[in-house]
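A short worksheet on the structure shown next.
Values quoted throughout were computed directly from the atomic coordinates according to the rules given, and no laboratory measurement underlies them. Only a predicted model underlies this, so the values are computations on that prediction, with no experimental measurement involved. Neighbour counts run over all protein chains shown; Cβ positions are idealised from the backbone, glycine included.
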Amino acid sequence: MVVPDAVPTPEEILGLDEHAADALLDRLERTVPVHPPFVRIPTASLREAIVFGDTHGDWRSVQEIGRRFIAGGVRRLLVGLGDYVDRSPPDCGAGSVATALHLLSLAAHAPDRVYLIQGNHETTRRIPTLPHDLPEEVDSLWGPDATRCTRIEALLERGPLAAILPEGIYLAHAGFPLVGSQEEWAHAFDTVDDERLAEIVWSECDASRYRRAGVPTWGGRDLERLFRASSLRIFLRGHDPDLTGRPLFDGHCLTLHTTRVFERFGGVITLRFPLGRPIESIRDTLIEHLDTEGKTFDPV
């Protein structure tokens, strides 16, 4: 199968032979932007944003995200909060591969409007993550060849670790640099060693019952210090499935998961909000449940 010139669908990606897969990887390596660890996303020319959480290989939900992103010809911003791979649902086949390459193709197609923030499953080459199903999935599709998995991992590492929007929003997979002053915040991403990386992609909110990495948790006082140092007001994140869809800290923090793998906690949700004016609280946004929620599909 020849790889399409436009953004390939997840099913098209799963149908590629090894030569077409290599051609797609070649194209993505030429076109997917390389971001610094921290980005300020410009939104002046955009109307609204869609933010999605952990997808974990659920390409059927990711495909629905893509439809909403392009619907109506509106210029939207699309931001992913990390953990695009591993733990694929049974009806998604090699879902990590399909999800990653579909999202990377979207980022290549609209580099000024699609940002794929890294989670702990995208930084596994620095701090190992389990499960890590991506290598096995790649081999199942195109035969043993470690370079293909390495190339996908390297492409996912081109995403930022964190981002902010001028509407007053901080976005990261799990946490934030534990800083207390404007000066510390100004240089928080200058050097991202493993300790700082763990704060951003591994740390749990203390409202969650999950404890995975031995990284100190953060709570409301830590978030208040971040907001004072940065003049931000909202934190959008993933990572802790049991907090999905629950506004915390007086509506200033929301956890998103956009995968059927964890839908039992809070559904399969995204967040939509207007751009061009300050967002003061999660109450100024719209939590949307995807049509894939509660459904299973025929295996591919």
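Here are the numbers:
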{"quantity": "From phi via Karplus (6.51, -1.76, 1.60), per-residue ³J(HN,Hα) for the stretch 76-91 in Hz, x at Gly/Pro", "calculated": "10, 9, 10, 10, x, 9, x, 6, 7, 10, 6, 6, 4, x, x, 8"}
{"quantity": "Three principal axis lengths of the stretch 211-280 [C-alpha, angstrom, descending]", "calculated": "35, 35, 17"}
{"quantity": "Principal axis dimensions, largest first and in whole angstrom, of the stretch 60-196 by Cα", "calculated": "50, 41, 23"}
{"quantity": "Taking the C-alpha atoms of the stretch 28-106, convex hull volume expressed per residue in Å³", "calculated": "105 Å³"}
{"quantity": "Dimensionless Rg ratio for the stretch 1-145, taking C-alpha atoms and the 2.2 N^0.38 Å reference", "calculated": "1.02"}
{"quantity": "Sequence of 151, 237 once ranked by neighbouring C-beta atoms within 10 Å, starting from the fewest", "calculated": "151, 237"}
{"quantity": "More than 18 angstrom apart: percent of Cα pairs within the stretch 242-300", "calculated": "41 percent"}
{"quantity": "Rg to Rh, two decimals, where the stretch 145-300 supplies the alpha carbon set and Rh follows Kirkwood", "calculated": "0.99"}
{"quantity": "Protection-proxy order for peptides 160-168, 174-182, each taking the mean of Cβ atoms within 10 Å per residue, highest first", "calculated": "160-168, 174-182"}
{"quantity": "Computed over the chain, Cα set: Rg, Dmax in Å", "calculated": "18.0, 54"}
{"quantity": "Packing-based ranking, highest mean first, of 221-229, 101-109 given that Cβ atoms within 10 Å are counted", "calculated": "101-109, 221-229"}
{"quantity": "Residues whose placed amide H lies under 5 Å from that of residue 210, excluding near-sequence neighbours", "calculated": "none"}
{"quantity": "Pair residue 297, residue 277: separation of 7 Å Cα→Cβ label points (nm)", "calculated": "3.6 nm"}
{"quantity": "Debye-sum result for the stretch 103-149 in log10 I(q)/I(0), which assumes one identical scatterer on each alpha carbon, at q = 0.14, 0.17, 0.19, 0.28 Å⁻¹", "calculated": "-0.48, -0.68, -0.80, -0.98"}
{"quantity": "Exposure proxy order (Cβ contacts within 10 Å, fewest to most) of 76, 211", "calculated": "211, 76"}
{"quantity": "Shape category assigned to the stretch 117-178 from the gyration tensor of Cα positions, a/c cut at 1.5", "calculated": "prolate"}
{"quantity": "Under the Karplus curve 6.51 cos²θ - 1.76 cosθ + 1.60, θ = phi - 60°, whole-Hz ³J(HN,Hα) for the stretch 132-140, x wherever Gly or Pro sits", "calculated": "10, 8, 4, x, 5, 5, 4, 4, 5"}
{"quantity": "10 Å binning of all Cα-Cα separations within the stretch 1-60, expressed as whole percents from 0 upward", "calculated": "16, 32, 38, 13, 0"}
{"quantity": "The stretch 103-120-the stretch 229-300 distance, computed between alpha-carbon centres (Å)", "calculated": "18 Å"}
{"quantity": "Residue-by-residue Karplus 3J(HN,Hα) for the stretch 62-73, coefficients 6.51, -1.76, 1.60, Hz, glycine and proline x", "calculated": "4, 4, 5, 4, x, 4, 5, 4, 9, 4, x, x"}
{"quantity": "Angle between the chain longest axis and helix 95-109 axis [Cα atoms, degrees, rounded to 10]", "calculated": "70 degrees"}
